[in-house]
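Written below as structure tokens is the structure these notes are about.
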Amino acid sequence: VISFVSKGMTTKYKTEEVNVIVFGDESTKDKTTVTREKEPGEKQLTAGSYIIRYKIADRSIVDPPKVFNLTQKKGTVVVQVSIDKYGNVVNAVPGGEGSTTTDEYLFTKAKQAAESAKFDKVPNAPLKQDGYMIVTF
């Protein structure tokens with residue numbers, strides 16, 4: 001396992017999942033790599049060896065998503081999600097803006113992961129809240 005600490009947050013990767021490590025400032029980054037920048041209020045967690053970022057106003061994940069990828073396929077999938085006031089994911093649509101793949105297998109796995117997450121209950125919340133979850137395979 002390789003651990004990185006940046007801005008007080010630790011991220012862990014299995015060594016077999018790492019292809020390259022590049023150190024440097026923004027000007028040395030590969031300009032062909034497109035990533036979705038972290039937005040204000042966005043939260044991050046790890047589910048197994050996967051990084052999950054998400055944003056739903058004033059809500060937090062209490063039961064992390066279950067992420068499975070039985071292939072060597074890599075990519076980032078943005079999933080548009082809707083949750084109810086009880087914290088259940090009631091709708092999940094993969095392939096949102098910022099996805100780096102169009103692979104149907106990864107779309108399916110990202111949707112399943114999003115649907116398996118449980119958010120905190122907020123009794124006075126709207127019946128449905130929309131947001132997104134980003135699954136990096």
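Pairs of alpha carbons in region 78-131 separated by more than 17 Å make up 36% of all such pairs.
What the chain shows is 63 Å² of accessible area per residue, with the surface traced by a 1.4 Å probe over protein heavy atoms. Taking each of K14/K128; K12/K74; K38/K118; K12/K128; K14/K121; K74/K128 in turn, the alpha-carbon distance tops 28 angstrom for K14/K128; K12/K128; K14/K121; K74/K128. Note on I2/E97: beta-carbon distance plugged into 1/(1 + (r/R0)^6) with R0 of 22 Å gives a FRET efficiency of 0.15. Surface composition of the chain: carbon and sulfur make up 53 percent of the accessible area, probe 1.4 Å. Loop by DSSP (not H, G, I, E, B), at most 12 other beta-carbon atoms within 10 Å: where is the longest site-free stretch of the chain for GluC sites (Glu not before Pro)? Formally, the longest exposed-site-free interval is 38-96.
Does a label point 7 Å from the Cα of K121, set along Cα-to-beta-carbon, have any residues of region 78-115 with amide nitrogen under 12 Å, and which are they? In region 78-115, the label zone of K121 (backbone N under 12 Å from the point 7 Å along Cα→Cβ) covers 85-88. Put a dot 7 Å past the Cα of K14, heading toward its Cβ, do the same for Q44, and the two dots end up 2.1 nm apart.
When the Cα convex hull of the chain is projected onto planes of every orientation, the mean area is 8.8 nm². Against the chain, whose longest principal axis comes from its Cα atoms, helix 104-116 is set at around 50 degrees.
The values are calculated or read from the model by the stated rules, or taken from the named source; none is laboratory data. A quick note: this is a predicted structure, and the numbers were derived from the prediction, not measured. All Cβ positions, glycine included, derive from the backbone under ideal geometry; neighbour counts span all protein chains shown. Ligands, DNA and RNA are stripped out before the accessible areas are found, and what is left, the full protein with its side chains, is counted by its heavy atoms. Shrake-Rupley method; radii C 1.70, N 1.55, O 1.52, S 1.80 Å.
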